[in-house]
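A short write-up of the structure that comes next.
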Amino acid sequence: MAEKSIHISLSAEQIGTLWGIPITNTMLMSFAVFFLLVALTFFVRRKLALIPGRLQTLVETLFVGILDYMTETLGNEKLARQLFPLILTIFLFIFTANIIEFTPGIGSIGWANAHGEFIPLLRSMNTDLNTTLALTVIAFIVIEVAGVATLGFLRYGKKFVNVSSALGFMVGIIELFSEVARLVSYSFRLFGNIFAGEVMIIVIQHFVPIVLPVPIMLFEVFVGFIQAAIFALLTLFFVKMAITEAH
Amino acid sequence: MEQILDVFGINWKLLVVQMINFGLLLLVLYIFLYKPVLAMVDVRRKKIERAIQDAEEADRQLGEAEAEKARIIREATMKGDDIIDSAKKHAETSEITIMKDAHQKAVHLLNEAERRTARDREEMIQKAEREVARMAVLSAEKILSQGALKK
């Protein structure tokens, strides 16, 4: 039996180029998630009625629950309504990508390249730092914009550049660092969790191909849910921190 | 830094594509899912609010109607009692009048009867007296005629 070593690539595999843009398997996966969510949207929307069906009741309950929670957290209904689409889309996008990551075919259908390395056609979306970083940048921009829009540029800037005292100045610098470090922590948290899960499953599959991967996959789906929730909730909390004036 | 970016396959083009993808998803979900669903929830909430208000209004009106009904019944009862009372009083006075009338009439009739009886008796006595007188004359005549014959 020819024992093959496990091949793990940190970066997503490129499967082609279109107009100078490299097409990676995670990019295809994110398109798939996009179309899945859009299809679900139209499925829900088609049956939208004043007297709701079961699916609509579920969707409405979720939406209203999330919106109420956001209103409670932000203490501002208008801002909550404005941010609701972003927070929920972040959650749905990451969550959908994470729960379909073990769908048969994803990661297993592909071909070998010139070096004999296996190139899967689809790869779990969040195992590419590009995706998580893109989401992080969007969240980061929204957080800063929300802060500036709510407090005004000067009052928001005072959080980071505070010359009233030496201690205040130091705190401001630390704040600034932690603000920027968020970009890294955000994107790597999601990437690391999902990537580690994938690697763990690959390793376990290598040694015990049947039965054992199933509970691990179940756990990874749970992790996927948690990570999606964390990403969305942290965005919400950081917005809350951004719109709260420094003491 | 360059190496780290390379290891993780970071590529600004990919970043932009992912951002556009997410932005597009956000837009589509916002237009076709969040907005209509939340609008539907709001519409329903308004409807329910109105329905509850209507129900409260109806309840209030029902209460008013009940009170009105009770008031009307009370008034009607009172009025009915009044009518019965006055009818009773009226009947009592009428009874007294009728009795008085009857009594008067009876007395009058009695008097009349007595008067008539007295008159009748007087007439009869007079008649009897006349008859006795006549009989006496006749008997005297008879006796006298018999006496004359004997002679």
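The values are calculated or read from the model by the stated rules, or taken from the named source; none is laboratory data. Just so it is clear, the structure is predicted and the values come from calculations on it, not from any experiment. No Cβ is skipped: glycine too gets one built from the backbone with ideal geometry, and neighbour counts run over all protein chains shown.
Consider the stretch B:7-19 and keep the residues that are surrounded by fewer than 16 Cβ atoms within 10 Å (Cβ to Cβ) and among the β-branched types (V, I, T). The one that is nearest to the other protein chains (Cβ to nearest Cβ) is B:V7. Test A:E144 against the stated conditions and say whether it is surrounded by fewer than 19 Cβ atoms within 10 Å (Cβ to Cβ), within 13 Å of A:A242 (Cα to Cα), of a type outside the set (G, A, S) and under 20 Å from the mean Cα position of the chain (by Cα). Spelling it out, A:E144 is indeed surrounded by fewer than 19 Cβ atoms within 10 Å (Cβ to Cβ), within 13 Å of A:A242 (Cα to Cα), of a type outside the set (G, A, S) and under 20 Å from the mean Cα position of the chain (by Cα). Within the stretch B:25-49, the residues that satisfy the criterion of being more than 8 Å from chain A (Cβ to nearest Cβ) and either closer than 19 Å to A:V64 by Cα or under 60 Å from the mean Cα position of the chain (by Cα) (or both) are B:I31, B:K35, B:A39, B:D42, B:R45, B:K46, B:I48, B:E49.
Could you check how many residues of the stretch A:14-26 are in contact (Cβ under 8 Å) with a residue 60 or more places away in the chain and either under 27 Å from A:F91 (Cβ atoms) or under 20 Å from the mean Cα position of the chain (by Cα) (or both)?
So in the stretch A:14-26, the residues in contact (Cβ under 8 Å) with a residue 60 or more places away in the chain come out as A:15, A:24-26.
So of that shortlist, the ones also either under 27 Å from A:F91 (Cβ atoms) or under 20 Å from the mean Cα position of the chain (by Cα) (or both) come out as A:24-26.
Residues meeting the conditions: 3.
In the stretch A:50-62, the residue that is farthest from the chain's Cα centre (by Cα) out of those that are exposed (fewer than 12 other Cβ atoms within 10 Å of the Cβ) and more than 8 Å from chain B (Cβ to nearest Cβ) is A:I51. If you go through the stretch A:68-104 one residue at a time, how many are over 30 Å from A:M27 (Cα atoms) and of a type outside the set (D, E, K, R)? So the count comes out to 9.
What do you reckon, is B:I4 modelled with pLDDT of 90 or more, in a helix (DSSP H, G or I) and more than 9 Å from chain A (Cβ to nearest Cβ)? In short, no.
Per the conditions (1) surrounded by 12 or more Cβ atoms within 10 Å (Cβ to Cβ); (2) away from chain A (no Cβ under 11 Å), the sole criterion not satisfied by B:F22 is (2).
The C-beta contact set for the stretch A:203-217 (first residue in contact (Cβ under 8 Å) with a residue 24 or more places away in the chain, second residue among the aromatic types (F, W, Y), distance under 9 angstrom, 6+ apart or interchain) comprises A:M217/A:F102. Scanning the stretch A:212-224 for residues that are farther than 16 Å from A:L135 by Cβ and not aliphatic (A, V, I, L, M) yields A:P213, A:P215, A:F219, A:E220, A:F222.
Out of the residues in the stretch A:151-168 meeting the condition of being assigned to a helix (DSSP H, G or I) and either of a type in the set (G, A, S) or surrounded by 13 or more Cβ atoms within 10 Å (Cβ to Cβ) (or both), tell me which one is modelled with the highest pLDDT.
Kept after step one, since they are assigned to a helix (DSSP H, G or I), are these residues of the stretch A:151-168: A:151, A:153-157, A:166-168.
Pick out the ones that are also either of a type in the set (G, A, S) or surrounded by 13 or more Cβ atoms within 10 Å (Cβ to Cβ) (or both) and you get A:151, A:155-157, A:166, A:168.
Working: A:L151: 80, A:R155: 75, A:Y156: 76, A:G157: 75, A:A166: 76, A:G168: 76.
The residue in question is A:L151.
Taking the conditions (1) within 12 Å of the chain's Cα centre (by Cα); (2) touching a residue at least 60 places away in the same chain (Cβ under 8 Å) in turn, A:M70 satisfies each one other than (1).
Check the stretch B:100-117 and report whether any residue there is more than 14 Å from chain A (Cβ to nearest Cβ), among the aliphatic types (A, V, I, L, M) and within 26 Å of the chain's Cα centre (by Cα).
From the stretch B:100-117, those more than 14 Å from chain A (Cβ to nearest Cβ) are B:100-117; that's our starting set.
Applying the additional criterion that residues be among the aliphatic types (A, V, I, L, M) yields B:102, B:106-107, B:109-110, B:113.
Within this subset, residues satisfying the condition of being within 26 Å of the chain's Cα centre (by Cα) are none.
Taking every residue of the stretch B:100-117 in turn, none turns out to be more than 14 Å from chain A (Cβ to nearest Cβ), among the aliphatic types (A, V, I, L, M) and within 26 Å of the chain's Cα centre (by Cα).
Taken together, A:N98, A:N126 contain a single residue that is in contact with a Gly (Cβ under 6 Å, 6 or more places away or on another chain) and under 17 Å from A:I194 (Cα atoms), which is A:N98.
Of the candidates A:L67, A:L50, A:L121, A:L55, the single residue that is aliphatic (A, V, I, L, M) and under 21 Å from A:F238 (Cα atoms) is A:L67.
What pairs come out if I take residues in the stretch A:136-149 that are free of Cβ contacts under 8 Å to residues at least 24 places away in the same chain and pair them with residues that are small (G, A, S) whose C-beta lies under 6 Å away, six or more apart or interchain? Here the result reads none, with nothing in the stretch A:136-149 linked to a residue that is small (G, A, S).
Could we say that A:F84 is within 11 Å of chain B (Cβ to nearest Cβ) and within 22 Å of the chain's Cα centre (by Cα) here? In short, yes.
Looking only at the stretch A:197-247, which residues are within 21 Å of A:L83 (Cβ to Cβ), polar (S, T, N, Q) and assigned to a helix (DSSP H, G or I)? If the condition is that a residue be within 21 Å of A:L83 (Cβ to Cβ), polar (S, T, N, Q) and assigned to a helix (DSSP H, G or I), then A:Q227, A:T235 are the ones that fit.
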